[in-house]
Amino acid sequence: MDLTLLQNRLGHTFKDAVLLQQALTHRSHGSVHNERLEFLGDSILNCVVASLLFDRYSKIDEGDLSRLRANLVKQQSLYEIAQRLELSHFLRLGEGELKSGGFRRPSILADTLEALFGAIYLDAGFDIARDVIRALYIPILDSVDPKTLGKDAKTLLQEYLQGKKIALPQYNVVATHGAAHNQEFEIECLVPKLDIQVFGTGGSRRAGEQAAAKLALEAVQAAFVKAPAASRKAKPRTAQLKLAGIATVQLDEADKAAKAPAKTEAKNTKAEIKPVTESTEAPTNDGQKSLIAEHDAGKTTSATSDDGATKSSTTTHSKIA
């Protein structure tokens, strides 16, 4: 175990090698272990990270700063830094912990990293400890979004789906691996509406769900990155439909406008037809009148003839007389 490599990665060479050995020693290894150094390092870490956030995010309020700090100093964040340092290669563990895979356990790695910060403080002072911590955290701060940092993957996935009006994801335990005291959970995360199914693993059910949620969030975001292209193609169709609707309305108005003169012409035609109808009917009435007149004249003629006959008969009688 070459501790020089670890010191190079930390950016600090210990004057007191005993402090470095103690910081790497788990309580399962012996009576002299790193828990007190862990306590000290935890406080130094919180102070340095709080200072970093205060200087970096001048427009973020106290509540959000507290959220950011809590996320940056939590076990998972420390575990990820410890993995970058390959800290598991330098741990001093008891036989039981070695057999159970304690060198991979996030809690042991996170605690050891805090113990190292405490040991650096005792070995070289606060400024050196601050510089070591800053060097480890600046790359993280450069790559995170302060609006989402501090929210775990399950929360971010839930908020994202709710924003899209999609039902919440489903989490199922698919399998468990390892001994009872060191199980690894395989979790399935489903987003049925988007046909997304991903799997995550973790040292606990919650850790497995977080890992699966992180993968699901990436898949959902990727699905919606492709979606706008389809929606952009659909927009012209919508516009065409809307324009067609407007055109239909315009055509209806044009028909109404066309029908209005037609009605007027029809009225005029009716008005013109009426005199014709009256004139065609007039001869019929006159004919009827002439027939009536002829009929009356016939009566008069016959009456005259009768009178004539009477007269002639009277004349005859008078002659005879």
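The values are calculated or read from the model by the stated rules, or taken from the named source; none is laboratory data. Keep in mind the model is a prediction, meaning the values are calculated, not measured. Cβ: placed from backbone, ideal geometry, glycine included. Neighbour counts: every protein chain shown. Side chains included, ligands, DNA and RNA excluded: accessible areas come from the protein's heavy atoms. Shrake-Rupley method; radii C 1.70, N 1.55, O 1.52, S 1.80 Å.
A few remarks follow.
- Residues in the stretch 137-147 that are more than 18 Å from PHE54 (Cβ to Cβ) and either surrounded by 17 or more Cβ atoms within 10 Å (Cβ to Cβ) or among the polar types (S, T, N, Q) (or both): 1 in all.
- Taking the criterion of being under 22 Å from GLU38 (Cβ atoms), among the hydrophobic types (A, V, I, L, M, F, W, C) and either free of Cβ contacts under 8 Å to residues at least 60 places away in the same chain or open to solvent by 40 Å² or more (accessible area, probe 1.4 Å) (or both), the residues of the stretch 54-75 that qualify are ALA70, VAL73.
- From the list ARG105, ARG92, ARG134, the one residue that fits, being closer than 20 Å to PHE39 by Cα and touching a strand residue (DSSP E or B) at 6+ places or on another chain (Cβ under 8 Å), is ARG92.
- All positions within the stretch 84-102 that are under 17 Å from ARG9 (Cβ atoms), assigned to a helix (DSSP H, G or I) and open to solvent by 70 Å² or more (accessible area, probe 1.4 Å): ARG84, HIS89
- Across the stretch 103-128, the qualifying residues are those that are within 44 Å of the chain's Cα centre (by Cα) and free of Cβ contacts under 8 Å to residues at least 24 places away in the same chain, and the one among them that is surrounded by the fewest Cβ atoms within 10 Å (Cβ to Cβ) is ARG104.
- Filter pass, GLN158 being surrounded by 15 or more Cβ atoms within 10 Å (Cβ to Cβ), of a type outside the set (A, V, I, L, M) and under 32 Å from the mean Cα position of the chain (by Cα): yes
- For the stretch 9-35, residues that are outside any loop (DSSP other than H, G, I, E, B) and without any contact (Cβ under 8 Å) to a residue 60 or more places away in the chain total 2.
- Filter pass, ALA135 being out of contact with any Leu (no Cβ under 8 Å at 6 or more places or on another chain) and hydrophobic (A, V, I, L, M, F, W, C): yes
- Checked against (1) in contact with a His (Cβ under 6 Å, 6 or more places away or on another chain); (2) open to solvent by 30 Å² or more (accessible area, probe 1.4 Å), ALA179 passes all but a single condition, namely (1).
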